[in-house]
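S.K.: Sharing a structure with you now.
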Amino acid sequence: MLLLTGCAVNPVTGEKQLSLIGEGQELALGAEQYTPTQQTQGGQFYVDPELTLYVREVGQKMARVSDRPDLPYEFVVLNSSVPNAWALPGGKIAINRGLLVKFDDEAQLASVLGHEIVHAAARHSVQRMQQGMLINAGVAGLGFALSDSQWAGLLMGGAAMGAQLALAQYGQGDELESDHYGIVYMKKAGYDPQAAVELQEIFLEMSKGREAGFVDGLFATHPPSSKRVRENSKLVNKIGAGGYRGADIYQKKTAFLRKVQPAYDAHDKAMKLASGGNMNAALKKVDEAINVLPREAMFYSLRGRIHQELNNPDKASADFDKAVSLYPEMFVYRLHSGLNALALNNLSKARENLTRANEVVPTSIAFLRLGDIAVKENNRKEAIAYYSKAAESSGDIAEEARRKLAALTQ
């Protein structure tokens, strides 16, 4: 067995650490995974582009004072109610709207973005990848189930890796390191570092109460602890509290988000009702969401899925078409549209949408159904290629693909 060894200096701490992945690979990995990973976590919050611009400004202000200011940092707001934020290698950072509504001011936003900047600058996710490579070399091709597994297929290849990197839990050492240098960056950028201590205190209290949403989001990936609060307080006492808070500007920039929050609350309730099998009540709730914010694609996609469950494929088709028209780049809307079109035997529409979905985020269910379309069109060679791809995943979809592949190659 060939053992690869490498050593490098942590760009943030100055300490030596294992390095199997070079900076070029690190940057390429983040760039390749950023869009697919965004899409597996809700997609972009496109209905309020000004909010993303604001988050980007705050993020870049923090990135400029970091230990790796030359990384190609990007910041995006994701359309998810789950309170979370994450960083991919190379400074590709995302924050969910579900976390933004919890902040009181810009300094608290800067605290979370600074924390994620340190994860990227200190190569924490690369380190986790390397540990994974050492332990389980060769598992990268396996599918990774989306959280909404009742409705979605399995992610394939790179998209799976990106989702795992974004959602994996950080160790206490990485968290303390990101807290420490994030606070240092806040001070350098002119923000009040006391905001970071306040947030950790709030998160610790929420974790004790097991607050819904946070358990699956921020607390799962960034576990809070009394030690983090103590260490943060100690550092702020040392470097000095005081600085910009930006409460007024923050409230102004998030005013639209707060205004439309009832629409997202109704959507989330509809999702819960649908998951429990109460489709008629779910339909009423998602209609409430659409009435408040009729340009949100997510609402039409959910209503389309509810109509599918109620055996109304034509109504589902109209809703999926609407979702795709509002956010054509979003893979999951194309996926649902394609699967529904196939059920209606509209093969050309199904093929187009499933192919477009796979171009952004490849899923085993899309490969499987593209194989079915190829069979219907008597294209044996194409069907074998699609089924072979679906068979690379795991679970029921892979088994079905293998059965169909065997039938074609006998």
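S.K.: How many residues does segment 313-357 hold that are more than 18 Å from D287 (Cα to Cα), of a type in the set (S, T, N, Q) and surrounded by fewer than 22 Cβ atoms within 10 Å (Cβ to Cβ)?
M.R.: The number of residues fulfilling the criteria is 5.
S.K.: Can you pull out every residue in segment 67-87 that is closer than 25 Å to S301 by Cβ, of a type in the set (A, V, I, L, M) and not in a loop (DSSP other than H, G, I, E, B)?
M.R.: V76, V77, L78, A85
S.K.: Quick check: is even one residue across segment 364-380 over 30 Å from P49 (Cα atoms), hydroxyl-bearing (S, T, Y), open to solvent by 30 Å² or more (accessible area, probe 1.4 Å) and in a helix (DSSP H, G or I)?
M.R.: no
S.K.: Please state which one of G42, G24 is modelled with pLDDT under 95 and either within 28 Å of T363 (Cβ to Cβ) or in a loop (DSSP other than H, G, I, E, B) (or both). Reasoning before the result, please.
M.R.: Working: G24 fails: either within 28 Å of T363 (Cβ to Cβ) or in a loop (DSSP other than H, G, I, E, B) (or both).
Sole residue among the options that is modelled with pLDDT under 95 and either within 28 Å of T363 (Cβ to Cβ) or in a loop (DSSP other than H, G, I, E, B) (or both): G42.
S.K.: If you take the residues of segment 285-305 that are surrounded by fewer than 24 Cβ atoms within 10 Å (Cβ to Cβ) and aliphatic (A, V, I, L, M), which of them is farthest from Q41 (Cα to Cα)?
M.R.: Going through the qualifying residues, I end up with V292.
S.K.: Mind listing just one residue for me: the one in segment 169-210 that is within 15 Å of D105 (Cβ to Cβ) and small (G, A, S) and, of those, most open to solvent (accessible area, probe 1.4 Å)?
M.R.: Looking at residues that are within 15 Å of D105 (Cβ to Cβ) and small (G, A, S), I get G190.
S.K.: For segment 351-410, which positions are β-branched (V, I, T), more than 22 Å from T35 (Cβ to Cβ) and modelled with pLDDT under 95? Can you show your working first?
M.R.: At the first step, the residues of segment 351-410 found to be β-branched (V, I, T) are 355, 360-361, 363, 365, 373, 375, 384, 397, 409.
Okay, now just the ones that are also more than 22 Å from T35 (Cβ to Cβ), so 373, 375, 384, 397, 409.
Once the filter is applied, which keeps residues that are β-branched (V, I, T), more than 22 Å from T35 (Cβ to Cβ) and modelled with pLDDT under 95, segment 351-410 yields I397, T409.
S.K.: Let me ask you something else. It is to be established whether one or more residues within segment 59-70 are more than 17 Å from V118 (Cβ to Cβ), touching a residue at least 24 places away in the same chain (Cβ under 8 Å) and either surrounded by fewer than 23 Cβ atoms within 10 Å (Cβ to Cβ) or over 18 Å from the mean Cα position of the chain (by Cα) (or both). Steps first, answer last, please.
M.R.: Of the residues in segment 59-70, the ones more than 17 Å from V118 (Cβ to Cβ) are none.
Within segment 59-70 (the criterion being more than 17 Å from V118 (Cβ to Cβ), touching a residue at least 24 places away in the same chain (Cβ under 8 Å) and either surrounded by fewer than 23 Cβ atoms within 10 Å (Cβ to Cβ) or over 18 Å from the mean Cα position of the chain (by Cα) (or both)), the answer is no, since none of the residues qualifies.
S.K.: Further, regarding this structure: When both residues are 6+ apart or on different chains and their Cβ atoms are under 6 Å apart, which pairs have a first residue that lies in segment 374-401 and is free of Cβ contacts under 8 Å to residues at least 24 places away in the same chain and more than 18 Å from L347 (Cβ to Cβ), and a second that is charged (D, E, K, R) and open to solvent by 40 Å² or more (accessible area, probe 1.4 Å)?
M.R.: Listed by first residue and then by second, the contacts come to A391/R402.
S.K.: What number of residues in segment 216-267 are at pLDDT 95 or above, of a type in the set (G, A, S), surrounded by 14 or more Cβ atoms within 10 Å (Cβ to Cβ) and not in a helix (DSSP H, G or I)?
M.R.: 2
The values are calculated or read from the model by the stated rules, or taken from the named source; none is laboratory data. These numbers were taken from a predicted model, which means no experiment stands behind them. All Cβ positions, glycine included, derive from the backbone under ideal geometry; neighbour counts span all protein chains shown. Accessible surface areas use protein heavy atoms only, side chains included; no ligands, DNA or RNA. Shrake-Rupley method; radii C 1.70, N 1.55, O 1.52, S 1.80 Å.
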